[in-house]
Structure formats: structure tokens, C-alpha cells
Amino acid sequence: KGKGLFGAVPLAHAFLRERVREGDRVVDATCGNGHDTAFLAELVGDAGTVWAFDIQEGALAATEARLAAAGYRGRAEFIPRGHEQLAAVVSGPVRAVVFNLGYLPGGEKETVTAAATTRAALEQAAALLLPGGIVTVAVYTGHPGGAEEGRVVEEWAAALPPARFNVWRCRQLNRPETAPYLVAVERVPA
Ligand code: SAM
């Protein structure tokens with residue numbers, strides 16, 4: 001639909017659409033304006049749950065409004081905490097954890113995801129996954145700190161044991177090196 005697989009987010013959605021089912025428990029680790037949360041809420045249906053994390057009140061309000069408008073308000077839990085506290089909030093197991101790094105489009109650019117907290121959240125996310133579950137990470141390297149964060153995400157992902165995780169870095173070959181890209185970590189199915 002739309003412009004197809006034009007970037008990291010639509011590619012992440014393709015992976016998610018392929019495996020998230022009605023009744024699933026999933027996490028949006030960076031809900032921002034709520035586009036990913038709404039997409040996940042549609043997939044999990046009324047029997048499922050999406051935990052939506054953000055450290056900006058405005059982001060959580062925008063996400064809640066978007067879900068309410070779509071009729072999905074009851075499918076999400078809004079968590080005003082950093083995703084580095086993921087394991088303290090969600091006891092798992094979950095089918096998917098979605099990260100969309102960087103700053104909120106249209107918001108103030110000082111509030112960005114950061115390498116250390118992103119890494120802590122990724123470790124917890126992988127530990128919560130069901131067999132066949134997936135962590136998707138849309139990585140942006142164009143802003144200050146973005147390149148370092150990307151390196152940390154890749155370092156973490158590259159060290160995961162291949163017997164337990166299938167790990168991908170997906171980059172567009174016909175775009176600049178600074179274009180957003182996707183890191184996807186699938187727990188090997190049982
Ligand atoms: N997925 C969102 C959407 O569809 O609109 C866009 C997310 S935006 C690129 C990144 C978001 O991460 C921002 O809203 C920011 O406030 C949030 N963020 C930054 N640090 C965070 C943290 N430690 N825990 C959770 N969210 C964080």
C-alpha cells in the first residue's frame with residue numbers, strides 16, 4: 001500500500017504483519033505520535049495488548065488520541081516510563097517489540113533515544129520474546145548521537161547467539177549511507 005517498502009518502518013511493518021496475530025501481546029518501545037502503536041493495535045485485535053512506552057507526555061497523549069479515533073483505545077496500555085524499564089512493566093512473553101529510534105517528528109529534537117538506554121531496552125526485549133517473535137529497530141544516524149546509537153545497536157545484535165536468534169541488518173542500496181535502516185532480531189522458532 002502507498003509507497004511500498006520505501007524505508008525502514010514499512011519494512012518493519014511487513015515483518016510484523018507476517019507474524020503478529022489476534023490476541024498477541026506486543027510492545028511499542030517508542031510510541032511517539034502513535035503510528036506504530038495503531039498499526040500494532042490493529043494486528044492484535046480486541047483480545048490483544050500493546051504496551052506503548054514514551055518519556056514525553058505529549059507523545060503518549062498523541063498516541064492515546066490516535067488509538068481512540070481508530071476505536072482501539074482498549075487495546076493499549078500507555079506507559080510514561082523509559083523503555084529501559086521494559087522488563088519491570090511487561091512480564092512477557094511477547095510476540096514483538098518495536099523500536100523507532102531518534103526524535104519525535106514535529107517535536108523538540110532534544111528528546112532523543114540514547115545508546116545506553118536503547119541497549120538496555122533491547123536486551124530486555126530479546127529476553128521477553130516468544131519463539132518466532134521479533135524485535136524491530138528503525139535506526140537513524142543523521143542526528144547528533146545517532147551514529148553512535150546505531151553502532152551500539154549493531155554491536156549488541158551481532159553478539160547474539162545464532163542458535164537462538166536470527167539477526168538482520170537491512171539497508172537500502174540506492175539511498176545515502178545516512179538513510180534510516182532496519183535491524184531485525186527474530187527468536188528462532190521452537
Ligand atoms: N514510532 C513513533 C511514531 O510512529 O510516531 C515515532 C517514534 S520517535 C522516532 C522516538 C520516540 O522515542 C520519541 O517520541 C521520544 O520521546 C521517545 N523516547 C526517547 N527516549 C525514550 C526512552 N528512553 N524510552 C521510551 N521512549 C523514548
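The values are calculated or read from the model by the stated rules, or taken from the named source; none is laboratory data. All figures in this text were calculated on a predicted structure; none of them were measured in a lab. Glycine gets a Cβ as well: all are built from the backbone with ideal geometry, and neighbour counts include every protein chain shown.
Of all the residues in segment 15-58, those that are near the ligand (Cβ under 10 Å from one of its atoms), within 15 Å of the chain's Cα centre (by Cα), surrounded by fewer than 22 Cβ atoms within 10 Å (Cβ to Cβ) and not hydrophobic (A, V, I, L, M, F, W, C) number 2. The set of residues in segment 124-135 that are part of a strand (DSSP E or B), free of Cβ contacts under 8 Å to residues at least 60 places away in the same chain and buried (at least 18 other Cβ atoms within 10 Å of the Cβ) comprises LEU129, VAL135. If you go through segment 89-118 and keep only what is of a type in the set (A, V, I, L, M, F, W, C) and closer than 17 Å to TRP51 by Cβ, you end up with VAL89, VAL90, VAL94, ALA96, VAL97, VAL98, PHE99. Checking the condition of a type in the set (Gly, Ala, Ser) and within 19 Å of VAL27 (Cα to Cα), which residue from ALA190, ALA138, ALA179 passes? The match here is ALA138. Looking only at residues in segment 59-72 that are within 17 Å of GLU108 (Cβ to Cβ) and among the small types (Gly, Ala, Ser), the one that is nearest to the ligand (Cβ to nearest atom) is ALA59.
Exactly one residue out of ALA87, ALA76 is at pLDDT 95 or above, crowded, with 23+ Cβ neighbours inside 10 Å and more than 10 Å from the ligand (Cβ to nearest atom), and it is ALA76. Taken together, the criteria exclude ALA121 from residues that are of a type in the set (A, V, I, L, M, F, W, C) and free of Cβ contacts under 8 Å to residues at least 24 places away in the same chain. The set of residues from segment 45-76 being among the acidic types (Asp, Glu) and closer than 19 Å to VAL89 by Cα comprises ASP54, GLU57, GLU64. Checking each residue in segment 108-123 for being assigned to a loop (DSSP other than H, G, I, E, B), modelled with pLDDT of 95 or more and surrounded by fewer than 20 Cβ atoms within 10 Å (Cβ to Cβ) picks out only ALA114.
Taking (1) surrounded by fewer than 18 Cβ atoms within 10 Å (Cβ to Cβ); (2) without any contact (Cβ under 8 Å) to a residue 40 or more places away in the chain in turn, PRO93 satisfies each apart from (2).
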